[in-house]
Structure formats: C-alpha cells, structure tokens
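One structure is given here, and the rest of the page talks about it.
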Amino acid sequence: MADGFFSRLRDGLLKSRQHLSGMVDDAVQEHAAVDEDFYDSLLDALILSDMGAACAQEALQTLRARVKAGGIKDTARCRELLKDILVSMLDAEKMPLQWPMVILMVGVNGVGKTTTIGKLALRFQALGRIIMLCAADTFRAAAAEQLAIWADRAKVPLVRHQENADPAGVVFDAVQAAKARHVDLLIVDTAGRLHNKKNLMDEMEKMRRVIDREHPTATVRCLLVVDATTGQNGLQQAKAFSEVAGVNGIVLTKLDGTAKGGVIFPIVRELKVPVLYVGVGEGIDDLQSFDAREYVAALFE
Ligand code: GDP
C-alpha cells in the first residue's frame, strides 16, 4: 500500500485510534497481570471502536484461549496477539478477477457509490482494461448526471436512458454495447432505495436475469458500498442490502473522515463477505485494495 494512502488511512482512523490504540495501550500499561480487569479494559476499547459487543466478545474469547494455551503472562504480548486476532477476523479469500465482468454497485444514496464507480473505472483502466459505465439508477436524474461527470473524467463510455426508464432496459442496452466493444468491465450504478425491499429485490433480479441471458460469459458481482462514518447504522444498511441483493463484496468509504474503523468487523462477520476496497477521500486515487494487516496496523499504530 502506498505511503500516502496508508498515512491518510491512519490519519482518518485517528479518532478510533485514540479510542482503540490509546485504550489498549492504557490497558497494557495499567495492568501488570493478564486478569479479568485487563480483559474488561480491552473489551471496552473494542466496543468503543464501533466493533459492537458480539464481535468484541468474540475477539476476546479467542484472546483468552490463546493466552491460556500459550501460558502468556505479559499484557504487552496480549496487544500483539489481539492485533493478529483482529487481522484474522478480517481476512477473507480475495475474489478472482475474471473478464469480462459486470459489477452491480449497490448502497444507499450518499455513501459514495458514484465516486467509487469513478475510482474503480480509473483504477481498472490504468491496468489496461476496457471499461463502460451504466446508469441504472433511473429514479434520480442527478445520479446519471454525476455518473456522466465521472465517465467524462475517466474518458469511458456511459450508457444511460431517460429518467424513470426501466433499469433492466438500460442494463440490456449497456450489455449489448459492452459486448460489441469488447468491454472487460461494465460497472452498473443501481438505485439506492431501500424503503421498498420487494421492489429493489425484483429490480436486482431482473437486471441479473438480463445480464445472465444476454452476456452468459460475464462474471457478475454485486458490490455493496458502505459509509464507514455511519457506524452501526451502516451495519444495519449492509444487512438489509445483503438480504435483497446477494452481495459478493464490500467497499468501505470515508475512512478519512470521522469513521471509527471498528465497524468493519461486524460487517464482515454478519455478511460473511470480504471487504475488497476502502476509500479514504474524494479524489480518484483515494481507493485502495483492502489489506487486513494494513488496516489493523492503521488502527493500532
Ligand atoms: P452516492 O450518492 O452514493 O453516489 O454518493 P457520491 O459518490 O455522490 O458521494 C457522496 C459524497 O461523499 C460526495 O461528496 C463524495 O465526494 C463523498 N465521498 C465519497 N467517497 C468518499 C471518501 O472515501 N472519503 C470522503 N471524505 N468523501 C467521500
């Protein structure tokens, strides 16, 4: 991970580091023995980082088991063990990139979906891939407008229809265009409305059916964008979306803001899908592949 990116992630997580790293350091310094008091301090630190009680308890249970198995008496050693445990809680198998690919982007409005689409387009374009965007959020004219700005910036084609057009119809046209132009990656922006789950589910299914039928050789992935600053709320959104959309991976945005980075743990635990990318700013370079070890290091150092 580039230094600049890593330091931005670290700066962004400063707030949680003051909670997590600072509190863990305090616990280590204030407790000479690995006792119940020490474990309680660690639990508080983990919960305050937005990790949620269930995840924090799971991490501590593992720590207790390792302390027991290793006969560990040193609280500083526990800090290092805890880091390893947190890394393993986030570690998930990376999905192979198989071309051609269609990515359906989901997430509520405002989480950074459009920005992430733009960043992904530029990222894969820089790797020599042929990219196309599809504006299937036809409920907000502004959504297609914003996407058009990113398409211009990345100099990639955008397929869009009139406002309120059938999203699956836009996807149909985009898939035809993508096949004709031998596009490697078609990124589809979808509507971020969760208030009517049945509608959203029907829409997603319809889009997937169109892609499967019209582009059977394409790998289809659904990426959920979550705003890290929304904490436990983001977790609830993530759960709701994963129920209706069949999510394969997560992009966690706005880790440069006031996010308390611990929210990532319950999201991975509950959804059982990997975090693939993290966003640390509004610029095109502010998206990076997720690395569990780097992430935990940024929380702790
Ligand atoms: P959408 O409604 O989900 O498509 O969200 P947008 O992509 O329009 O983003 C909403 C706002 O969040 C915009 O002001 C973006 O610049 C901002 N944003 C997106 N990603 C990030 C990020 O990683 N960090 C920060 N600080 N802002 C971001």
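The values are calculated or read from the model by the stated rules, or taken from the named source; none is laboratory data. Keep in mind that this is a model prediction, so the values were computed, not measured. When we count neighbours, we look across all protein chains shown, and the Cβ atoms used for this are built from the backbone with ideal geometry, even at glycine. Accessible surface is based on the protein model in full, side chains and every heavy atom, while ligands, DNA and RNA are left aside. Shrake-Rupley method; radii C 1.70, N 1.55, O 1.52, S 1.80 Å.
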- Can you find a residue in the stretch 294-301 that is more than 30 Å from ASP173 (Cα to Cα), within 16 Å of the ligand (Cβ to nearest atom), touching a residue at least 24 places away in the same chain (Cβ under 8 Å) and hydroxyl-bearing (Ser, Thr, Tyr)? yes
- Query: Which of the residues belonging to the stretch 44-94 are in contact with a His (Cβ under 6 Å, 6 or more places away or on another chain) and either hydroxyl-bearing (Ser, Thr, Tyr) or at pLDDT 95 or above (or both)?
  - Reply: SER49, THR75
- Note on the structure: Residue pairs qualifying under the 8 Å Cβ cut-off, at least six apart or on distinct chains, with the first in the stretch 103-118 being of a type in the set (D, E, K, R) and the second being near the ligand (Cβ under 8 Å from one of its atoms) and part of a loop (DSSP other than H, G, I, E, B), are LYS113/GLY107; LYS113/GLY192
- Query: From the residues in the stretch 253-281 that are of a type outside the set (Lys, Arg), away from the ligand (no atom under 14 Å from the Cβ) and part of a loop (DSSP other than H, G, I, E, B), which one is nearest to ARG293 (Cα to Cα)?
  - Reply: PRO274
- Query: Can you tell me which of ILE187, ILE149 is within 15 Å of the ligand (Cβ to nearest atom) and surrounded by fewer than 16 Cβ atoms within 10 Å (Cβ to Cβ)?
  - Reply: ILE149
- Check LEU235 against each of (1) modelled with pLDDT of 90 or more; (2) away from the ligand (no atom under 16 Å from the Cβ); (3) buried (at least 21 other Cβ atoms within 10 Å of the Cβ); (4) in the same structural domain as VAL106 (by TED's automatic domain parsing) and name the one condition it does not meet. (1)
- Return only the number of the condition from (1) open to solvent by 50 Å² or more (accessible area, probe 1.4 Å); (2) part of a helix (DSSP H, G or I); (3) of a type outside the set (Gly, Ala, Ser) that PRO216 does not satisfy. (2)
- Message: Any residue in the stretch 73-92 that is in contact (Cβ under 8 Å) with a residue 24 or more places away in the chain sitting within a Cβ distance under 7 Å of a residue that is polar (S, T, N, Q)? List the pairs, counting only those 6 or more apart or interchain.
- Response: ILE85/THR62
- Task: Please work out which residue is farthest from the ligand (Cβ to nearest atom), limiting yourself to the stretch 84-128 and to residues that are part of a helix (DSSP H, G or I) and open to solvent by 30 Å² or more (accessible area, probe 1.4 Å).
- Result: ASP84
